[in-house]
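Taking it in order: structure first as structure tokens, then the write-up.
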Amino acid sequence: MIDQGLLDAIKSYSENMTRPITFVLGSGEHSKRAELIDFLTKIAGTTDKINFDATANDDSLPSPISFKVVGHIDGVLTDTGIVFSGIPGGHEFTSLILAILQAGGHTLKLDEGIQKLIKRFNKPLQFQTYVSLSCHSCPEVVQALNQFALLNDDISNEMIDGALFQEQVEANNIQGVPAVFLNGKPFANGLIDTAKLIGKLQEQFPDLLSEVEDDAEQLEQQDVTIIGAGPAGVAAAIYTARKGLKVTMVADRIGGQVKDTQDIENLISVPLTNGTDLSNNFVKHLHEYNITLKEHVSVKEISETEDENYRIHLNTGEMFETRSIILATGAQWRKLGVPGEDENIGKGVAFCAHCDGPFFKGKDVSVVGGGNSGIEAAIDLSGIVKHVTVFEFADDLKADQVLINKAKEKANIDIITSAATKEIKATDGKVSSIVYEDRNSGDTKELDLAAVFVQIGLVPNTGFIKGFVDLNRFGEIEIDERCRTDRKGIFACGDVTTVPFKQINIAMGEGSKAALSAFEYLVMQ
């Protein structure tokens with residue numbers, strides 16, 4: 001299960017550990033227990049900084065194939081609150097390696113402001129995160145919550161491989177991952193970054209920020225603050241930094257929507273890449289310059305100062321002043337807005353075919369949306385599920401012809417155009433059918449299925465800026481040819497703006513243009 005190359009990598013990574021860790025296994029019998037023991041034994045065999053004794057079991061762990069990561073602080077065994085139930089292979093292997101390194105003293109990846117906030121939580125928070133080992137989005141959630149646990153003794157996180165704990169999955173009506181439970185109750189479902197996790201905790205526990213605001217350290221005044229770190233935001237940050245400006249970037253995650261994209265074949269000069277690799281390259285490029293990165297953080301609001309600058313208010317309680325702002329907040333998945341959609345997210349309504357497709361192996365599903373993302377999702381799902389029906393509102397598909405041709409070659413994909421989705425129905429807590437209207441005949445029809453994958457485009461992330469700068473009727477920020485908004489010193493670029501054609505290449509160009517406009521504005525002051 002774990003090859004020598006990975007074991008060599010673990011040995012190399014362990015050099016960054018300043019103290020040892022220990023794996024402690026649960027007790028009991030399970031068909032996968034021997035495999036888990038072999039897995040942990042091989043990892044522990046790479047270095048004397050990782051300890052494992054298969055005979056030393058902990059009856060308090062939830063199952064025979066659960067294990068916890070125990071730290072050693074000043075020579076004393078210390079529970080980290082990190083538990084893995086299952087064998088964390090696939091995409092979760094990285095989550096295990098990071099847990100080992102961070103419990104072993106390696107620097108956490110969370111922003112300092114978030115770390116201070118997490119340390120102040122004074123309520124028991126027991127997270128359970130159900131994952132699929134093939135899910136690209138799950139590790140981000142697991143890794144964030146594991147770091148929360150390392151920062152605060154009142155917090156714990158258990159990663160649960162849904163494939164090995166089907167009874168729990170069925171009992172909790174889980175049909176999408178990651179599915180996060182807090183103190184035994186549903187907390188979050190689907191891709192949710194660290195900033196949104198913090199936001200949801202603050203919604204449930206509104207007093208969490210009260211003390212932080214009083215002693216939060218403040219950044220000095222910045223020349224430019226870029227909000228958002230997709231292709232547009234990254235380009236803007238690099239261009240402004242190259243001009244010698246004092247630059248801060250605030251973002252929930254570097255890469256934005258690009259990070260969730262699989263194959264990227266239209267990035268000029270790069271025949272093929274993927275969202276993960278491109279996002280990693282963004283990080284490397286940003287680190288080449290003197291840019292203050294506030295990652296995993298979100299902006300609560302922007303206010304004006306008396307000297308015609310702006311004040312940025314973060315969700316960590318921090319605030320700082322800036323002479324100019326570039327808004328590059330991108331967009332998020334657009335919802336259908338029909339009955340049964342919100343109520344069944346994670347119960348058959350999904351937005352990521354890669355993450356949630358495996359839950360519907362051998363079943364009938366639908367994809368709503370005939371653009372590139374919809375047809376790509378249908379093609380991906382066709383290799384997993386029994387049958388895919390694509391619904392497109394318009395009379396024709398909007399996807400590139402090469403994708404349409406691939407879809408039509410699949411025997412288990414049907415395409416229905418001129419179809420208006422009216423309702424998503426559920427039975428016993430799970431999606432059971434979709435109701436749609438034939439726009440040509442006016443007839444209402446119903447199709448039995450197990451899941452609806454919504455792929456109808458994006459909606460701009462402008463909630464926090466609404467009423468502060470001009471937006472059009474679609475919620476996009478109105479800009480001119482120089483990326484200027486209606487407010488002096490505030491610029492915008494990328495998918496969040498009125499610029500047509502939401503593409504990576506275009507966003508990068510717009511980000512560069514916004515940066516040059518901001519520089520021009522600052523030197524003219």
Number of positions in region 438-463 that are more than 14 Å from Q332 (Cα to Cα) and surrounded by 17 or more Cβ atoms within 10 Å (Cβ to Cβ):
5
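Residue by residue, here is whether (1) among the acidic types (D, E); (2) not in a strand (DSSP E or B) holds:
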| residue | (1), (2) |
| --- | --- |
| E423 | yes, no |
| V435 | no, no |
| G442 | no, yes |
| D480 | yes, yes |
| P500 | no, yes |
| G509 | no, yes |
| K513 | no, yes |
| S517 | no, yes |
| Y521 | no, yes |
Looking only at residues that are open to solvent by 60 Å² or more (accessible area, probe 1.4 Å) and of a type in the set (D, E) in region 45-60, which one is farthest from L7 (Cα to Cα)?
D59
Being open to solvent by 70 Å² or more (accessible area, probe 1.4 Å) and in contact with a strand residue (DSSP E or B) (Cβ under 7 Å, 6 or more places away or on another chain): is that true of R473 here?
no
In region 120-149, which residues are at pLDDT 95 or above and open to solvent by 50 Å² or more (accessible area, probe 1.4 Å)?
Q126, Q128
Within region 76-95, how many residues are open to solvent by 20 Å² or more (accessible area, probe 1.4 Å) and either over 21 Å from L151 (Cβ atoms) or in a strand (DSSP E or B) (or both)?
8
Could you please find all residues in region 296-344 being closer than 17 Å to S433 by Cα and touching a strand residue (DSSP E or B) at 6+ places or on another chain (Cβ under 6 Å)?
L336, V338, P339, G340, E341, N344
Going through region 368-419 in order, the residues found to be modelled with pLDDT of 95 or more, of a type in the set (D, E) and in a helix (DSSP H, G or I) are E409
Looking at the structure I just gave you, is L98 closer than 17 Å to Q143 by Cα and among the hydrophobic types (A, V, I, L, M, F, W, C)?
yes
Out of curiosity, is A420 touching a residue at least 12 places away in the same chain (Cβ under 8 Å) and of a type outside the set (S, T, Y)?
yes
Criterion first (open to solvent by 30 Å² or more (accessible area, probe 1.4 Å), within 30 Å of H136 (Cβ to Cβ) and part of a loop (DSSP other than H, G, I, E, B)) does S63 satisfy it?
no
Test: residue in region 170-190 that is within 25 Å of M319 (Cβ to Cβ) and in contact with a Gly (Cβ under 9 Å, 6 or more places away or on another chain):
no
Which pairs do you get when a residue that is surrounded by fewer than 21 Cβ atoms within 10 Å (Cβ to Cβ), found in region 508-525, comes within reach of a residue that is at pLDDT 95 or above and of a type in the set (A, V, I, L, M, F, W, C), reach meaning Cβ atoms under 6 angstrom, with the pair 6+ apart or on two chains?
S512/A235
Yes/no for N405 being among the polar types (S, T, N, Q) and in contact (Cβ under 8 Å) with a residue 12 or more places away in the chain
no
Options T305, T292, T276: the member that is over 30 Å from T427 (Cα atoms), touching a helix residue (DSSP H, G or I) at 6+ places or on another chain (Cβ under 7 Å) and open to solvent by 10 Å² or more (accessible area, probe 1.4 Å):
T276
Expected single match for at pLDDT below 95, touching a Gly at 6+ places or on another chain (Cβ under 9 Å) and crowded, with 22+ Cβ neighbours inside 10 Å among V234, V258 is V258
Residues T292, T305, T261: which one is β-branched (V, I, T), free of Cβ contacts under 8 Å to residues at least 24 places away in the same chain and closer than 23 Å to V496 by Cβ?
T261
Just for region 9-31: of the residues that are open to solvent by less than 20 Å² (accessible area, probe 1.4 Å) and touching a residue at least 60 places away in the same chain (Cβ under 8 Å), which one is farthest from G75 (Cα to Cα)?
I10
Limited to region 61-78, what total is found for residues that are out of contact with any His (no Cβ under 8 Å at 6 or more places or on another chain) and without any contact (Cβ under 8 Å) to a residue 24 or more places away in the chain?
3
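The values are calculated or read from the model by the stated rules, or taken from the named source; none is laboratory data. On a predicted model such as this, the values are computed, not experimentally measured, just so you know. So basically every Cβ, Gly included, is an ideal-geometry build from the backbone, and we count neighbours across all protein chains shown. Surface areas here come from the heavy atoms of the whole protein model, side chains and all, with no ligands, DNA or RNA. Shrake-Rupley method; radii C 1.70, N 1.55, O 1.52, S 1.80 Å.
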